[in-house]
Structure formats: C-alpha cells, structure tokens
Amino acid sequence: MIETVTRPHRDNLVRWAAQRPEVLVLSADLTASCEADGFRDAYPQRFFSLGMAEQNMMGFAAGLAREGFFPYIHTFAVFITRRPYDQLAMSIAYPNLPVRMIGFLPGITTPGGVTHQAIDDVALMRVIPNMTILEAGDATDVESMLDVAQAVNGPVYVRQLRGEVPRLFPANAPLQFGQARVLSRGDDLCVLSSGICTEEAMRATAALAACGVSISHLHVSTLKPFDDPQISAAIAGARHGVIAMENHSIIGGLGAATAERMAEEGIGKRLIRIGLRDRYAHGASRDYLMREYGLDAMALVRAAEDLTGQPLEISEADLAAVRLGTLQAADKTEDL
Amino acid sequence: MNPTDPTSSGNEQRQQVARIADAVRRRVLEHTLKHNGGYLSQACSSAELLATLYLRIMRLGPSQAPLTPRPFAGVPAADNPHAFTGADYNGPKAPDLDRFIFSPVHYALVLYSLLIELGRLGPDALDAFNRDGSTVELIGAEHSPGHEVTAGSLAQAISQAGGIALARRLRGEPGRVWVFMSDGEFQEGQTWEAFAALTHHRIGNLGVYIDANAQQCDGAMDEVSTIEPLAERLRAFGAEVHEVDGHDSDALTAAAEGFGNGDRPLAVIARTDPCRGIERMRERAPKLHYVRFKSDAEFKAYEQLLYKMRAQEASANAASHTASSQTTLGHTG
Ligand SMILES: Cc1ncc(C[n+]2csc(CCOP(=O)(O)OP(=O)(O)O)c2C)c(N)n1
C-alpha cells in the first residue's frame with residue numbers, strides 16, 4: 001500500500017534551508033497554504049512577507065537574485081503564472097536569474113474554481129526562454145525539488161504538491177533532473193504521465209497489464225528541458241502509439257511537448273493527449289473533476305482501447321480495486 | 001438623496017439590518033460547523049455592511065432567479081449557450097437600477113446567507129454549498145448566486161466594475177455601480193490603477209464599500225504588509241472617502257447619501273471587527289482567515305453558541321412580528 005506523507009514540502013524546506021543562508025523565502029499572503037510557515041518560524045530573518053501583490057514580489061525576487069541571494073517564491077501556481085507574467089518574463093527570465101518559483105494547487109487539484117486552477121501554467125512557462133519547469137508527482141518528487149532546482153543556473157518553476165501526498169517512489173530514489181522515471185517496460189503502448197496523473201495512470205496500467213497490454217510507462221518530472229532520450233526510445237518502441245496524460249490543458253504541456261518531439265524526430269505514431277480539452281474548469285472536488293474532464297484512469301483505458309483497436313473489459317470497479325504498492329523504478333541503473 | 005422605502009423609518013431599517021446581520025452570522029456559523037471549516041470571520045466583519053448595501057443603499061429590483069440555485073451549466077464558450085451569471089439574484093438590469101459587483105468571492109457563503117435572509121434564495125439553497133456540480137461554490141465565480149463577474153483572482157473586479165460604470169455613463173443611465181471589496185485587495189497594484197482610472201475619467205457613478213477588517217490569510221494586515229493610511233491614500237487618488245464604523249448601518253447608509261451625480265468615485269472604508277458577534281473567535285487571533293475547529297471541545301463550544309444564537313433570533317423575530325408589518329426585503333428601489 002502507498003504511504004501518505006503529510007506536508008512533505010513544509011518539513012523539507014526547513015531542513016534543507018538550515019545551512020543555506022543565501023536562501024530566502026518570499027510570500028504573498030499564502031504562507032501556511034504553501035507550507036512555508038515552518039521556514040518563516042524557523043528563519044524569520046530570511047522570510048519576507050510581501051502581501052497580496054504578486055507582480056511586485058517578482059521584481060523584489062529579481063533584485064535579490066541579482067545581488068546573489070536565492071529567492072524561493074511561494075504562492076499558488078495561478079498567482080505565479082498569470083497575474084505577474086510580464087514581471088516574471090522580463091525581470092526574472094530575461095536576465096536568467098536564479099529565482100525559484102514554487103507554485104501550489106496545480107490543475108484541478110483545488111475546489112477553488114477557475115481562478116485557483118492552474119490549467120495553463122506549464123504552457124505559459126514553457127514559452128518563456130531560460131525557464132526550467134519541474135513537476136512533482138509524489139512525496140519523493142516533492143522532497144527532491146529544492147536540490148534539483150537549486151542546481152539549475154536560471155529561473156525554475158516548480159509545480160508543487162501540498163498536504164497529504166502519496167509516496168509512489170522510494171524515498172531514497174530522488175528525482176533526477178532531465179530523467180523520466182521508468183515505471184514499466186513494454187512494447188504495445190507508451191504512457192507518459194506527469195504530476196498527480198501518474199498515480200491515476202498506475203491504476204489503469206496495472207489493469208491494462210492484467211489484460212495483456214504491454215506498456216512502457218514513464219513518469220515525467222522535468223517538463224522543460226524535454227530532451228530525455230529514454231522518452232524517445234520508449235515512444236519508438238511502442239507498437240500502437242503513445243498516450244500523454246497530464247493535469248493541464250492538452251495545449252502547451254506534456255502532451256504538446258511530446259507531439260513536438262515526435263514530429264521533429266520523425267517518429268510516425270499515433271498520440272492521444274489526455275488533459276483538459278481547451279476548456280476552463282470550475283469548483284468541485286478533485287475526483288469529480290478528474291472524471292468530468294476525463295483525466296482519470298478510465299480515460300487512459302479508453303485511450304488504450306482506441307490505440308490498440310481492441311475492446312478491453314475493464315470496469316470502474318476493476319480500476320478502483322487496483323492496489324498500488326510503492327513503486328521501484330523499473331530500471332534505476334539506467335544512466336544517461 | 002438615496003430613496004429608501006418610504007413605508008419604513010430609519011429606525012425600522014436599522015433594526016432590520018441588525019436582525020438580518022445576526023441571521024447571516026448564525027447561518028455562516030451553522031455551515032462552518034457542518035463542514036468543519038468556513039470563512040466565519042468574514043461573516044462577522046461584513047454582515048451589517050452587506051445587509052445595509054442590500055437593504056438601504058442599493059436600488060435593486062426583485063430577484064429574477066430561482067430560489068433553488070441552478071446547477072452548474074458549463075463554462076462560458078461559444079458552443080455553450082447555457083452558461084449564465086448569478087447577477088439575476090440582484091434583480092433585473094434596468095437604466096435606473098443599481099448594479100452590484102462582489103469582489104472578495106471567498107466571502108461567498110456570507111453573500112449566499114444574506115440572499116437567503118432577504119428571500120432572494122430559498123432557505124435550503126445552502127444544501128448545494130460546495131457540492132460537486134453546484135453553482136453555490138466555496139469560492140464564488142460568476143455563475144454563483146449574487147455574483148456577476150469572476151473575481152477570485154482578487155482585485156480584478158473593481159476594474160471590471162469601472163468598465164460597467166463607464167458603459168452606463170455612456171448610455172446616460174442614472175443607475176449606479178456598487179463594488180464590495182476586502183481590504184487585502186488594496187495590496188494589489190491593480191486596485192490603485194483602477195482608482196487612478198476612475199478619477200481620471202471622472203467616473204462618479206461607482207461606489208466602493210471596503211470591509212476593512214484588518215485581516216488577511218497570514219494574519220493582521222499591519223504585520224503582513226500595511227495599506228494604511230488608507231483614507232489618505234484614497235483621497236490622494238481623488239476619490240470621495242468616508243471612514244465609518246462598519247457595524248453602524250446608519251453611518252454606512254449616510255456615506256452613500258446623494259451619491260451618483262458627481263464626478264468622483266466614492267470609497268467607504270468600513271472599519272470592522274472580524275470577531276463581532278462571536279467573541280470566542282478572539283482567542284484565534286491573529287489567524288482568523290479560515291476557521292477550522294481544532295478539537296471536539298472547541299466544536300462543541302461553537303455548537304452551543306449556535307443554539308444560543310438561534311434562540312435569540314427566535315425571540316427577536318417573535319417580537320418584531322408583533323411590532324411591525326413586513327416590508328419587502330432588499331428592494332429599496
Ligand atoms: C491575486 C490573488 N492573490 C492571492 C489570493 C489568495 N487569497 C485569497 S483571500 C486572500 C487575502 C485575504 O485577505 P482579505 O482580502 O482582506 O480578506 P479577509 O481577510 O477579509 O478574508 C488571499 C491572499 C487571491 N485570491 N488572489
């Protein structure tokens with residue numbers, strides 16, 4: 001069974017920042033909601049409350065970064081990527097400053113409705129030159145983010161998870177920059193998933209495997225740069241095609257990056273993008289929205305049926321019954 | 001002069017606001033208990049302010065919307081003719097009627113509760129609160145009852161209201177536009193850009209009521225990022241500014257008297273108490289933004305308080321029924 005970790009970012013940030021006096025946290029009135037309250041209480045002299053004024057916060061971060069500090073911005077993903085977009089592009093990304101933007105509530109993980117649901121943040125950040133984009137899919141990813149982000153020479157956007165986060169990957173196997181995690185190998189289909197969709201995909205891939213469908217499943221946490229050769233190899237080896245599954249619009253995110261990659265490399269295969277189909281969401285529970293917008297395990301089963309041309313007798317009950325153990329990456333030694 | 005219902009005196013109106021504000025607090029507390037969490041301090045700070053706007057300040061017609069909230073009909077899109085806004089709960093749009101723009105939409109439960117007390121929503125409307133597929137959302141959006149614009153990315157509503165006010169002026173309409181805002185929204189640059197534009201374009205048909213409860217998510221605004229001196233700042237931007245006790249319905253009403261024919265926007269800073277009517281909440285200060293009960297004992301204590309509020313309300317209602325005849329609630333046009 002999967003272990004659930006409570007507020008992994010909160011504790012990790014306090015621990016990780018202890019011996020790094022150059023690391024600062026900037027907050028826009030969502031300190032506890034973004035699990036930065038532990039840092040604020042532990043290192044008050046390195047915590048700066050900038051109020052609900054995100055555009056200005058980007059500029060302050062830029063100035064601090066120019067002076068050699070490492071500002072870690074904490075707010076909801078929408079309030080990083082929408083409101084202060086020009087500021088982050090011109091003040092931070094253009095000069096390639098090492099500002100780390102930790103964005104919470106990715107996609108439809110919040111009932112806060114359209115204003116709180118970051119369904120376009122990956123797309124918005126991908127088109128910004130110099131930007132690196134990371135996305136967490138489990139507690140191990142969450143705990144890896146600070147080390148990985150800090151090693152990047154330039155601005156980093158982290159699509160982070162908060163609260164109760166499942167641990168899908170071993171705690172001692174942190175995320176490797178630019179490398180997908182290979183969760184299974186197979187030659188019928190290639191499934192690329194990111195963020196919370198990976199757990200959902202794992203429900204489906206287990207059921208699909210039981211029906212004899214052989215799947216290469218890769219969990220992608222580095223969305224930009226998107227140049228992991230494992231991904232090309234898995235796509236090339238998939239007889240029936242590729243499914244990309246993400247908690248984001250199908251435009252501009254993982255599925256789009258996959259399509260660009262396939263076209264450029266001349267891999268002529270079908271691709272099904274699972275994600276929000278160019279439509280805003282609304283306030284409701286995560287499970288409800290995942291079903292309504294077709295981001296759930298059943299959506300992956302339908303896509304697999306479409307690509308294989310084979311009706312698979314998998315019911316909602318079968319998917320609900322899938323129990324997930326902690327996953328060992330299929331091949332941890334593969335190094336590139 | 002703001003025409004109020006000629007059949008009821010100022011005294012009766014004041015009492016009506018007080019009664020309805022108490023009922024709003026009681027209802028929000030009920031739902032905070034039911035869901036073990038809620039925006040309770042916002043009800044405490046804004047109950048009189050919102051009730052006064054609906055009962056004594058805004059000229060609104062009767063609700064055009066069903067008592068039972070409509071289910072969510074999909075997001076606005078060219079291929080979705082079914083999308084709607086919740087503005088029809090505030091009456092029809094007509095040249096001489098006012099418009100209401102609700103900005104800090106995490107106060108949604110307060111507005112829904114008020115609409116129930118005013119008879120604009122049915123008594124069971126909150127059964128749909130925060131339910132999947134419902135418009136009665138936790139954070140209101142434009143399809144939510146009483147809402148007209150999507151404002152949850154805060155400080156965007158005032159600019160949209162500015163556009164609406166400008167359009168109304170272009171059409172020569174006498175009706176005014178009222179915006180309800182939280183004080184946290186005065187940290188966003190957009191609010192100040194809006195005031196600059198409103199005064200530059202001499203928009204004198206838009207009034208803003210600010211629930212200045214001095215609170216935000218992280219705690220006291222003074223600690224997070226101060227906006228004071230707010231009145232002086234707003235005056236410097238060219239607005240007509242009034243600073244009043246936000247629980248004093250007469251003072252709130254007086255600030256709007258005669259407004260609508262000049263060439264400056266109105267800003268009423270309603271100084272409010274985020275614990276008004278629920279004294280027990282003070283022990284949670286400075287973290288009042290979202291109340292979730294920490295223990296069984298605390299839950300029970302608030303439950304007892306709810307019973308007390310219900311009993312007081314019942315006796316007050318009994319007294320008022322014998323004292324005066326009913327007036328049409330929330331319809332002062
Ligand atoms: C642009 C934007 N930034 C951040 C938030 C998250 N947020 C919701 S309410 C709030 C501030 C709460 O303070 P205030 O607006 O004064 O409301 P109150 O304290 O009365 O609840 C914040 C920062 C938001 N909704 N919009």
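The values are calculated or read from the model by the stated rules, or taken from the named source; none is laboratory data. These numbers come from a predicted model, not from an experiment. Glycine also receives a Cβ, built like all others from the backbone with ideal geometry; neighbour counts cover every protein chain displayed. Keep in mind that these areas ignore ligands, DNA and RNA; they rest on the heavy atoms of the full protein, side chains included. Shrake-Rupley method; radii C 1.70, N 1.55, O 1.52, S 1.80 Å.
Distance from the C-alpha centroid of segment A:88-138 to that of segment A:236-279: 20 Å, rounded to the whole angstrom. In sequence order, segment A:127-142 has phi-based couplings of 7, 8, x, 6, 7, 10, 10, 10, 9, 8, x, 7, 5, 5, 4, 3 Hz under the Karplus curve 6.51 cos²θ - 1.76 cosθ + 1.60, θ = phi - 60°, and Gly or Pro positions carry x.
Per-residue accessible area (protein heavy atoms, 1.4 Å probe) orders A:Leu88, A:Leu124, A:Leu183 as A:Leu124, A:Leu183, A:Leu88, starting from the largest. Can you find, among A:Phe76, A:Thr132, A:Asn153, the residue farthest towards the positive end of the dipole of segment A:4-166? Put +1 on the C-beta of Lys and Arg, -1 on that of Asp and Glu. About the Cα centre, the residue reaching furthest to the positive side is A:Asn153.
In terms of its C-alpha gyration tensor, segment A:12-158 has a rounded overall shape, because the principal axis ratio a/c (a ≥ b ≥ c, square roots of the eigenvalues) stays below 1.5. Take each residue of peptide B:220-226, count the partner chain Cβ atoms within 10 Å of its Cβ, and average: the result is 3.
Once the C-beta distance of A:Gln19 and A:Ala173 is scaled by a Förster radius of 30 Å, the resulting FRET efficiency is 0.80 to the nearest 0.05. For the pair A and B, the buried accessible area comes to roughly 2100 Å² in total, with a 1.4 Å probe and the value rounded to the nearest 100. Expressed as a rounded percentage, what relative contact order does segment B:10-292 have, with Cα pairs under 8 Å and six or more residues apart? Computed value for segment B:10-292: 22 percent relative contact order.
Based on DSSP H runs of at least 4 residues, each adding -39500 (n - 2.57), what is the mean residue ellipticity at 222 nm of chain B after dividing by all its residues, to the nearest 500 deg cm²/dmol?
Value at 222 nm, helices only: -11500 deg cm²/dmol.
Put simply, the amide H of B:Phe100, placed in the peptide plane, has neighbours under 5 Å in B:Trp178, leaving out anything fewer than 5 places away on its chain.
Between the amide H of A:Thr110 and any residue lying 5 or more places away or on another chain, no distance stays under 5 Å, with hydrogens modeled in the peptide plane.
The heavy atoms of B:Phe299 offer some 50 square angstrom of accessible surface to a 1.4 angstrom probe.
Among A:Ile314, A:Ile231, A:Ile250, the residue with the largest mean-square fluctuation in a Gaussian network model of chain A, with springs joining Cα atoms closer than 10 Å, is A:Ile314.
For chain B, the Cβ-based charge dipole about the Cα centre amounts to some 420 debye (Lys, Arg positive; Asp, Glu negative; other atoms uncharged).
I'd like the per residue volume of the convex hull spanned by the Cα atoms of chain B, given in cubic angstrom.
Given the Cα convex hull of chain B, per-residue volume reads 128 Å³.
Surface listing: A:Cys34, A:Cys211 arranged by accessible area from highest to lowest gives A:Cys211, A:Cys34, probe 1.4 Å. Between B:Val208, B:Val224, B:Val244, the GNM of chain B built on Cα springs shorter than 10 angstrom shows B:Val224 fluctuating the most.
Take the alpha carbon atoms of segment B:56-121, find their center, do the same for segment B:159-237, and report the distance between the two centers in whole angstrom. Answer, in whole Å: 21.
3J(HN,Hα) couplings calculated from phi for segment B:202-211 with the Karplus curve 6.51 cos²θ - 1.76 cosθ + 1.60 (θ = phi - 60°) are, in sequence order, 6, 7, x, 10, 10, x, 10, 10, 10, 7 Hz; Gly and Pro show x. Only Lys, Arg, Asp and Glu carry charge here, each on its Cβ (+1 for the first two, -1 for the last two); on that basis segment A:4-166 has a dipole of about 240 debye about its Cα centre. Rounded to the nearest 20 debye, the dipole magnitude of segment B:111-237 is 860 debye, with +1 charges on Lys and Arg beta carbons, -1 on Asp and Glu beta carbons, and the Cα centre as origin. Mind putting together the pair-distance distribution for segment A:181-321? All Cα pairs, 5 Å bins, whole percent per bin, short to long. Computed distribution, short to long bins: 2, 11, 22, 24, 21, 12, 6, 1, 0. Close amide H partners of A:Ile243, meaning residues 5 or more places away or on another chain with modelled amide H under 5 Å apart, are A:Cys190, A:Val191, A:Leu192, A:Ile272. What is the diffusion coefficient of the protein assembly as shown in µm²/s, taking the Kirkwood radius over Cα pairs and the Stokes-Einstein relation at 20 °C with a viscosity of 1.002 mPa s? Once the numbers are plugged in, D ends up at 81 µm²/s.
Suppose all protein chains stay in the model; what accessible area per residue would a 1.4 Å probe give for the protein assembly as shown, in Å²?
Result: 38 Å² per residue.
Residue-wise HN-Hα couplings along segment B:242-247, as the Karplus relation 6.51 cos²θ - 1.76 cosθ + 1.60 with θ = phi - 60° gives them from phi, are 10, 10, 9, 6, x, 9 Hz; Gly and Pro carry x. Averaged over the residues of peptide B:137-147, the number of Cβ atoms from other protein chains lying within 10 Å of each residue's Cβ is 4.
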